[in-house]
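Taking it in order: structure first as structure tokens, then the write-up.
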Amino acid sequence: MNNVVPFKRKSGSKSSSVEQLILPPASAHAYAELAVTTNFSFLRGASHSDELVIQAVALGLAGIGLADHNSVAGVVKAYAEAEELNAQIRELNQEHKTDHPELKLAVGARLVFADGTPDILAYPQNRNAWGRLTRLLTVGKSRGEKAGCILFFDDLIEHIAGLNLIVMPPNQIKADALCDCLARLKSAVPRQHVGLAADMLYRGDDNRRLARLKAIAERALVPLIAVNDVLYHAPERRPLQDVMICIREHVTIDKAGRLLEANAERHLKAPQEMARIFRRAPEAIDHTLRFLDRCKFSLEELSKTEYPDENRSGYATPQEALVALANQGFQRRYLAGDHPKVRYALERELEMTLKLGYAKYFLTVYDIVNFARSKGILCQGRGSAANSVICYCLGITDVDPLTIDLLFERFVSAERREPPDIDVDFEHERREEVIQYIYKRYGHRRAALTATVIHYRPRSAIREVGKVFGLTEDITGKLIIAATLINVWTRIGIALKMEPSF
């Protein structure tokens, strides 16, 4: 079998245009790593989602489960990477008549509780369970400040239907407490959907710890599931993880001591290596595959966006309402008469919205813009929406199609199968009125402000890393200046290379 896959990146990717992905030969062992933390768990995970997915394929894992701390932020990037890699694997299998397995990605969250409950990995079985998991996280986020999330065990029980759960035992094992937790979970969901994790991280008491966890799992009548509790994709990423621990705990590297991991073992490992480590409990390896098989939900199920359906008053369908409103707007915009070029473009766009089912979305944006204009609130649609005659006729944008060369495909394309994205700016002083209108119309449970993922800019990163190594502020200041100059000259060099030669 040829195990070199020409891995082609999509255009616009930040990575190199072509990479070589090495697929391992078939193994007698199969394993899925179900406890993976990405760098979306701020200052905990030390690898990007796509790095973890690529490494999982390169190691020959059957699948991985991404579960960030009280978050599902990292799963979209991982899903996109997995889709791309699996497409390459399918091409390879077809070309070389091989049967290399695709990587299965389970998406979920690592629930961290405020009441002493051990961490629990939660993976949805279906679309409805995904909705309950995200609602559970919303409950926790609504209680915490900024990036905080405050969850209690009872919150999980309330949203537990359809979830596959793995209890992560703490460093100090208390058998009675773990059994009680497992019993309460089994009373709420079928026992085959509850498991107890076991790791072997070379801490000096691994065999004794494994024996205790195996006994607890047998006592509680739940499967023992092997994990490596992954924090990074490869061992060489461990130093970065050490630095992040120091930043999180506000200590310098020389004072961190036992706050740091004892070794560099918390990385993705090959199936044969995990089988060797868990040779005293081989069933724990088998249970990873059974658990993975029960994780039926895929982000593909979210590809069909669901829009509100209440903005079509007086019309039989949303499309009928959109056609009527667009034609009314056309008459207002062009009082002097018909314009064949614009009329043709409008009809073509309306056909596209009918084909793709986007009428509801246009009506929702129109409703919000209409409210703002009725209250005298300045607003303006921008970006790719300027290529839409529908947006112009509905009053969402003010760019006359007669003055530009329209390219509706920049806004909506059947080939891309991506929902439209209309950006509307509202005047800053009265933006809150629009926000409150949306909350009132759709309810606080169905409307929310967008969330942002915290990350360091280069200047802040240098400053924080400098603190970890005990550098003075004047030294980190000079490093920041040097890094800025390097960045500037690098950009100049790239620009010069792109200049045409004569």
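Tabulated values for the structure
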item	result
Test: Glu347 is without any contact (Cβ under 8 Å) to a residue 24 or more places away in the chain and among the acidic types (Asp, Glu)	yes
Qualifying positions in the range 206-243 - open to solvent by 50 Å² or more (accessible area, probe 1.4 Å), within 19 Å of Val53 (Cα to Cα) and in contact with a helix residue (DSSP H, G or I) (Cβ under 9 Å, 6 or more places away or on another chain)	Arg237
In the range 336-350, residue most open to solvent (accessible area, probe 1.4 Å) [restricted to those that are closer than 20 Å to Leu322 by Cα and assigned to a loop (DSSP other than H, G, I, E, B)]	Asp338
In the range 276-303, the residues that are farther than 19 Å from Gly162 by Cα and among the charged types (D, E, K, R)	Arg276, Arg279, Arg280, Glu283, Asp286
Residue, least open to solvent (accessible area, probe 1.4 Å), within the range 283-305, restricted to residues that are among the charged types (D, E, K, R) and under 19 Å from the mean Cα position of the chain (by Cα)	Glu301
Residue count, the range 116-139 (criterion: at pLDDT below 95 and closer than 19 Å to Cys181 by Cβ)	1
Search result, residues across the range 126-151 that are of a type in the set (Ser, Thr, Tyr) and either open to solvent by 80 Å² or more (accessible area, probe 1.4 Å) or not in a helix (DSSP H, G or I) (or both)	Thr138, Ser142
Helices (runs of 4 or more DSSP H) fully within the range 386-480 counting 3 or more residues that are open to solvent by 20 Å² or more (accessible area, probe 1.4 Å), within 26 Å of Glu306 (Cβ to Cβ) and at pLDDT 85 or above	431-442
Conditions (1) modelled with pLDDT of 95 or more; (2) over 16 Å from Glu33 (Cβ atoms); (3) among the charged types (D, E, K, R); number of the one not met by Glu261	(1)
Test for Lys269: is it closer than 23 Å to Asp68 by Cα, among the charged types (D, E, K, R) and at pLDDT 95 or above	yes
Any chance Arg280 is under 30 Å from Glu218 (Cα atoms), open to solvent by 70 Å² or more (accessible area, probe 1.4 Å) and without any contact (Cβ under 8 Å) to a residue 12 or more places away in the chain	no
Any chance Gly45 is open to solvent by less than 10 Å² (accessible area, probe 1.4 Å) and in a loop (DSSP other than H, G, I, E, B)	yes
Residue list for the range 53-71, filter: more than 25 Å from Cys149 (Cα to Cα) and either among the aliphatic types (A, V, I, L, M) or open to solvent by 10 Å² or more (accessible area, probe 1.4 Å) (or both)	Val53, Ile54, Gln55, Ala56, Val57, Ala58, Leu59, Gly60, Leu61, Ala62
Candidate set from the range 244-256 (those that are aliphatic (A, V, I, L, M) and touching a Gly at 6+ places or on another chain (Cβ under 9 Å)); member that is most open to solvent (accessible area, probe 1.4 Å)	Ile253
Among the residues listed as Gly108, Gly74, the single one being within 9 Å of the chain's Cα centre (by Cα) and either at pLDDT 90 or above or not acidic (Asp, Glu) (or both)	Gly74
Filtered residues of the range 88-111 (kept if open to solvent by 40 Å² or more (accessible area, probe 1.4 Å) and within 18 Å of Gly65 (Cα to Cα))	Pro101, Glu102, Lys104
Residue within the range 159-175 that is open to solvent by 70 Å² or more (accessible area, probe 1.4 Å) and either touching a residue at least 12 places away in the same chain (Cβ under 8 Å) or assigned to a helix (DSSP H, G or I) (or both) present	no
Complete set of residues in the range 203-219 that are of a type in the set (Asp, Glu) and more than 33 Å from the chain's Cα centre (by Cα)	Asp205, Glu218
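Matching residues to (1) of a type in the set (Lys, Arg); (2) at pLDDT 90 or above:
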{"residue": "Glu300", "(1), (2)": "no, yes"}
{"residue": "Lys304", "(1), (2)": "yes, no"}
{"residue": "Asn311", "(1), (2)": "no, no"}
{"residue": "Leu322", "(1), (2)": "no, yes"}
{"residue": "Leu325", "(1), (2)": "no, yes"}
{"residue": "Arg333", "(1), (2)": "yes, no"}
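The values are calculated or read from the model by the stated rules, or taken from the named source; none is laboratory data. Every value quoted in this text rests on a predicted model; they were computed, and no experiment measured them. Here Cβ is always computed from backbone atoms with ideal geometry, including for glycine, and neighbour counts include all displayed protein chains. Accessible surface areas use protein heavy atoms only, side chains included; no ligands, DNA or RNA. Shrake-Rupley method; radii C 1.70, N 1.55, O 1.52, S 1.80 Å.
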